[in-house]
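Here is the structure we will look at, set down as structure tokens.
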Amino acid sequence: MPAEFDDYAAAGYSKLLEDPIREKFGGSRFFVERKLKLVTDLYRQYAAATESANWLDLGCGDGTLLKMGKGYFNEVAGCDVSDGMLQHCEGLNVRRQDSAKQIPFEDRSFDLVTAVCVYHHVDIADRSALTAEIARVLKSPGIFCLVEHNSLNPVTQLIVRRSPIDSQAHLLTAGKVRRLARAARMEILATRYFLYFPERLYSKMATTEAKLSTLPLGGQYAVLCRKA
């Protein structure tokens, strides 16, 4: 995986994400903004104000989410297995992961850990160990929010199949995520599905989407967990 994403960084990561179906749904900034809003809203609902929280974005890539969200948090940090991707994280506290199963930060360092569209790139056999690592670096209590592609959505499946970045991907359902979290002794707080409506409609349909968020139909989902 490190060499794979180093190649993506060299080839132009954002360019590789381009897909006509994806672009009809929304621009890259729209997708990042939706994820950030969901994460911050859930943290405020189930924990506390984000302004007092230390946040780690696991698999932070080129730091796009961290750069957009750092103003909402006390401190932010990131880690990734790819040196090539981390080279784009100027001005951020980021560290390289030597292994997908290890997080290069100390025990109980963070109030919030996110893994945004990361787990489908992690070998299935390594996911349990990685989830245990997340629990290790979380304070007690601390929040883990995993965001993933919804494998039950046929349009999402099509976009993933067409993407060179996801050629080795193994999508996982929200149920599998919840089982991983419980095995790492985390409490499940919420599961939310989102990206029901394209960017051009979302401003008018946000309330409707919120009402649909428990139905497994959106393009992506978030599972929110708390360290026991």
State which residue is modelled with the highest pLDDT when the search covers only segment 128-173 and only residues that are of a type in the set (Lys, Arg) and assigned to a helix (DSSP H, G or I). Arg136
If I go through segment 89-103 residue by residue, how many of them are in contact with a strand residue (DSSP E or B) (Cβ under 9 Å, 6 or more places away or on another chain), farther than 16 Å from Trp55 by Cα and surrounded by 14 or more Cβ atoms within 10 Å (Cβ to Cβ)? 1
Residue satisfying condition, being over 20 Å from Glu33 (Cβ atoms) and crowded, with 17+ Cβ neighbours inside 10 Å, within set Asp111, Asp123, Asp107: Asp111
I need the full set of residues from segment 180-215 which are closer than 30 Å to Ser140 by Cα and not aliphatic (A, V, I, L, M), in order please. Arg182, Arg185, Glu187, Thr191, Arg192, Tyr193, Phe194, Ser213, Thr214
Any residue at all in segment 205-228 that is under 15 Å from the mean Cα position of the chain (by Cα), of a type in the set (Lys, Arg) and under 27 Å from Val76 (Cα atoms)? no
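Each row is one residue, and each column tells you yes or no for (1) surrounded by 15 or more Cβ atoms within 10 Å (Cβ to Cβ); (2) in contact (Cβ under 8 Å) with a residue 24 or more places away in the chain; (3) closer than 27 Å to Thr50 by Cα; (4) over 16 Å from the mean Cα position of the chain (by Cα).
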site: Gly142; (1), (2), (3), (4): yes, yes, yes, yes
site: Leu152; (1), (2), (3), (4): yes, yes, no, yes
site: Ile159; (1), (2), (3), (4): yes, yes, no, yes
site: Pro164; (1), (2), (3), (4): no, yes, no, yes
site: Ser167; (1), (2), (3), (4): no, no, no, yes
site: Leu172; (1), (2), (3), (4): yes, yes, no, no
site: Arg185; (1), (2), (3), (4): no, yes, yes, yes
Name the residue that is farthest from the chain's Cα centre (by Cα), counting only residues in segment 77-125 that are among the basic types (Lys, Arg) and outside any strand (DSSP E or B). Arg108
Run down Thr131, Thr207 and say which single residue is surrounded by fewer than 17 Cβ atoms within 10 Å (Cβ to Cβ) and more than 18 Å from Glu23 (Cβ to Cβ). Thr207
Is one or more of the residues making up segment 180-194 closer than 25 Å to Glu33 by Cβ, in a helix (DSSP H, G or I) and of a type outside the set (Ser, Thr, Tyr)? no
Could you please tell me which pairs satisfy a Cβ distance under 9 Å, a separation of 6+ or placement on different chains, a first residue in segment 200-228 that is at pLDDT below 95, and a second residue that is hydrophobic (A, V, I, L, M, F, W, C) and assigned to a helix (DSSP H, G or I)? Ala228/Ala135
Within segment 44-67, count every residue that is free of Cβ contacts under 8 Å to residues at least 60 places away in the same chain, part of a helix (DSSP H, G or I) and either of a type in the set (Gly, Ala, Ser) or within 22 Å of Glu133 (Cβ to Cβ) (or both). 3
Breaking point among (1) touching a Gly at 6+ places or on another chain (Cβ under 6 Å); (2) surrounded by 21 or more Cβ atoms within 10 Å (Cβ to Cβ), for Leu146: (1)
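The values are calculated or read from the model by the stated rules, or taken from the named source; none is laboratory data. Everything numeric here is computed off the predicted structure, so don't read it as measured data. Cβ: placed from backbone, ideal geometry, glycine included. Neighbour counts: every protein chain shown.
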